[in-house]
Every structure is written in structure tokens, then in C-alpha cells.
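Structure, as C-alpha cells:
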Amino acid sequence: MKVPTNVCLPNLRTLHLSYIRIVDGCSFLRLISCCPVLEDLSLFNCSLDGTSELNIHSLSLKRLVLDFDDSVDMSTDRGFNDFDHTIVIDAPSLVYFEYFCLAAAGYTLNMGSLETADITIFHYSDADRERSVGLLQGICNAQVLRLSVTDFDAPLFRLPPDPVLAFHNLVELVFMNPCEDSMVSVIWTLEFLRCIPNLKTFTLVLGEADIKSESLPEEVPSCLLHHLKEISIIHYRGVTHMFEIVGYFLKHASVLEKLAMSRIDALQECRSSVMEKLSFLPKKSKKCKFEID
């Protein structure tokens, strides 16, 4: 795709590009600039081989989707290729941002009105972890975050989380990590909650592997002590150590109103058995109700 200098699309509000090779970063920037009322932009499996930087500048843009899943070359010796591009987004009116890819080489993000972010990161190396911090730091003003980390070996960051991450506006979090050691995922998530002091709704989607017993963090996230009202755990498999995790939530969640557990493995636990075990766990909030599906 090469955009001529005289192009003008003054009424275009929605632009979805699929399987297009962007060979010139300036040309793509020109395309966005010629759409003064553009509100919805999606790039689906577009190749950035022709440019080192993806630059999106739009004062009117409200919804942006960047999905480069199939466009990343997975044929190198280590089984995948770095996404060696810099992503620059200057969209002060953006309210929804979706990202689905490896972490980019760098990010410069200006999204001051962002309300909802849906982030799926593939990571395979230490470099990917460092890059991901830049992405999350750029969306830290979001109110709703759906974060999925597709890696079967380890959680996204080392512990403790990077101190530059602070989500003061975030009130709803959905966290998914199909890590083989689900307890590692849980411990990392509890540490990550320390970055979200005002969280009210939390959904934890676990992988299919058995949960091993590990020591849970001694420092309790402040959101759990003061703000968290709803907790949902999905893909619960009925293993013994899950009740250690649930017990941790119930022990510290002062204002919790609902704890929901869904997709229970019927071969291991029936609903009545789970409810019975939950009834014996001490809970700090007297308003907390259980929902089992």
C-alpha cells in the first residue's frame, strides 16, 4: 500500500485494513492524516516489513485495533521472530484500544481519554518482558483492562512488578494466563494487583494445569483491603490448593460482595461439595455471597 500525496477522505469515519503490506511509514501516516473525522481504525494482519515505525496520529480517533498475529514471521531458529517495530500512537480522543501481537520494540503512546484496553501479548524471552512494560505503561489510565498473556512457561513480568506501572483509574480487570504452573500465574497476579489500588471487579482465568502449593504474598494489595467487590475465577479444576487462593481472597477482602467460580471440573468437584468447602473458609466481608457455575 502506497498512498499518493493528493488523497483526501474528508467524510471517512471507519477504516479497516486486512492483509496489506505497509511499505512506507510516511505513506501510512499520510493516509490517516487525510481522514480528519476518522473514528474507527483496525489493522488486521497487516505487514510492516517496509517500515520500522507505525505512526498513527489522529485527533478524532476513538477506536483502534492492532492485530498482527498472522503477520509475524514464526520461521526463525528460535521458533519466532521479534516484532522489531516502534509503535507511535497520538490519539487523545481514543476510548478503546485493542492490541494482539508480540511486544513491539518500543512504544510512544498518547491516549489520554482511554477507557477500555484489550491487550493480548505473546512473549517468549526476557526482552519481550521489558518491552511489555512500555505497552502497559502507555495504557495505565484505562478504566477497564482485559490482559491476556499467551505463554505456557512463565508469567509476563518478574516479581515484583515494575514500579512505573500504576493503574489508578482501573476499576475492572480480566486477567488470563494459560501458564502451565497456574500457581506462578496466581502469585504474579496478586503482586500485579498492588499496581491497581482502586480495583473493584476482578476476573481471573486460569490455565488447565494443576495448581501447585506455593506461598502467597504477605503484602496484601490495597484494592483487596478497601475496594474489591466482585471476584470471579474461571477454569477452576477443583484441586485442593485452589481453596488456598480463594481463602486468601476471602480472608483479606473487606468489602467483597460476590465471589463466583465457574467451569468446575465435574469429575473432581460437584457444586454442593465446593459450596460446602467455601462455607468453612473464614471471610472478612459479611456481605460476600458465593456463586458456583
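The values are calculated or read from the model by the stated rules, or taken from the named source; none is laboratory data. For clarity, every value in this text was computed on a predicted model and none was experimentally measured. All Cβ positions, even for glycine, are placed from backbone atoms using ideal geometry, and neighbour counts span all protein chains on display.
If you take the residues in the range 83-102 that are modelled with pLDDT under 90 and in contact with a helix residue (DSSP H, G or I) (Cβ under 7 Å, 6 or more places away or on another chain), which one is surrounded by the most Cβ atoms within 10 Å (Cβ to Cβ)? Ranking the candidates gives Leu102 first.
Scanning the range 58-68 for residues that are modelled with pLDDT under 95 and loosely packed, with under 14 Cβ neighbours inside 10 Å returns no hits.
Before we move on, is Ile196 assigned by TED's automatic domain parsing to the domain that holds Ser285, modelled with pLDDT of 65 or more, surrounded by fewer than 19 Cβ atoms within 10 Å (Cβ to Cβ) and closer than 26 Å to Val65 by Cβ?
No, not satisfied.
Within the range 255-274, being crowded, with 17+ Cβ neighbours inside 10 Å and either at pLDDT 80 or above or of a type outside the set (Asp, Glu) (or both) holds for Leu256, Leu259, Met261, Ile264, Val274. Within the range 30-42, residues that are in contact (Cβ under 8 Å) with a residue 24 or more places away in the chain reach partners that are among the acidic types (Asp, Glu) with beta carbons closer than 9 Å, at six or more positions or on different chains, in the pairs Arg30/Asp24; Ser42/Asp67; Ser42/Glu98.
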